[in-house]
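In what follows, a structure is listed as structure tokens, so that the remarks can point back to it.
The values are calculated or read from the model by the stated rules, or taken from the named source; none is laboratory data. Everything numeric here is computed off the predicted structure, so don't read it as measured data. Cβ: placed from backbone, ideal geometry, glycine included. Neighbour counts: every protein chain shown. When the accessible area is computed, the model is the full protein with side chains, heavy atoms only, and any ligands, DNA or RNA have been set aside. Shrake-Rupley method; radii C 1.70, N 1.55, O 1.52, S 1.80 Å.
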Amino acid sequence: MKQTTLIYKMIMAATGLFLCFFLVIHLLGNLQLLLPEAEARAQFNWYSHLLSGNILIKIISYVLYLSLIGHAVYALLITLKNNKANGQKYAYDKRGSVSTWNSRNMGILGAIILIFLVIHFKDYWYEYKFGGLPLDGKGNKDLYAIVISSFQQGWYIIIYEISFLALGFHLLHGFFSATRTIGLYHPKYAKAVRVFGWIYSLLITLGFMLIPLYIYFNLNL
């Protein structure tokens, strides 16, 4: 059972670190939305077309989909195994006093992120692949128009911000957990790993949260 759990954790770590790398690329692409409107529309739509048309990127996208599914499935399997192994929670269980809030609530955080991903894929990925999007001046599908439209809706902004707060807490614990699992969290450079994890989590979280807020207030004020 311990060996099975270790394999599950290794898969979780590998898929999680790949998703961390993807988030950097995704954020860099989304930062184009902060450019002046005409430039942002042209570059973002070209970028979206590149992602959907390049064979290498298509292969990477399939790896991404498998990583998302694998990360969620193995997280659930590990949770079920841990619950079964732990059994009843006794009154003297004081794990809360020695563990962080996000480490104790990874299931809730993961559920919020999963719900957001369903909405996100439906509104953008599905519409881009199967919706009847108009074309921009350069003949690319105008995904920019959909993104800007969604970021002008207050309720969508709230969902987006809450989801990325959840992602930030998830990243903070998940990054440290993954580095331990694959053997990178050595006492010799534990501090450097911790600092990098904090900086990474903050930059990713604040970067994604900034974009819809900037667009919303820039267009509605």
Assess whether Ser61 counts as being buried (at least 17 other Cβ atoms within 10 Å of the Cβ), among the hydroxyl-bearing types (Ser, Thr, Tyr) and out of contact with any His (no Cβ under 6 Å at 6 or more places or on another chain). no
Ile113 fails exactly one of (1) farther than 19 Å from Leu172 by Cβ; (2) open to solvent by less than 40 Å² (accessible area, probe 1.4 Å); (3) modelled with pLDDT of 85 or more, namely (1)
Test result for Thr5, at negative phi, assigned to a helix (DSSP H, G or I) and under 14 Å from the mean Cα position of the chain (by Cα): no
Would you confirm whether any residue within segment 18-31 is over 24 Å from Glu127 (Cα atoms), touching a residue at least 40 places away in the same chain (Cβ under 8 Å) and open to solvent by less than 80 Å² (accessible area, probe 1.4 Å)? yes
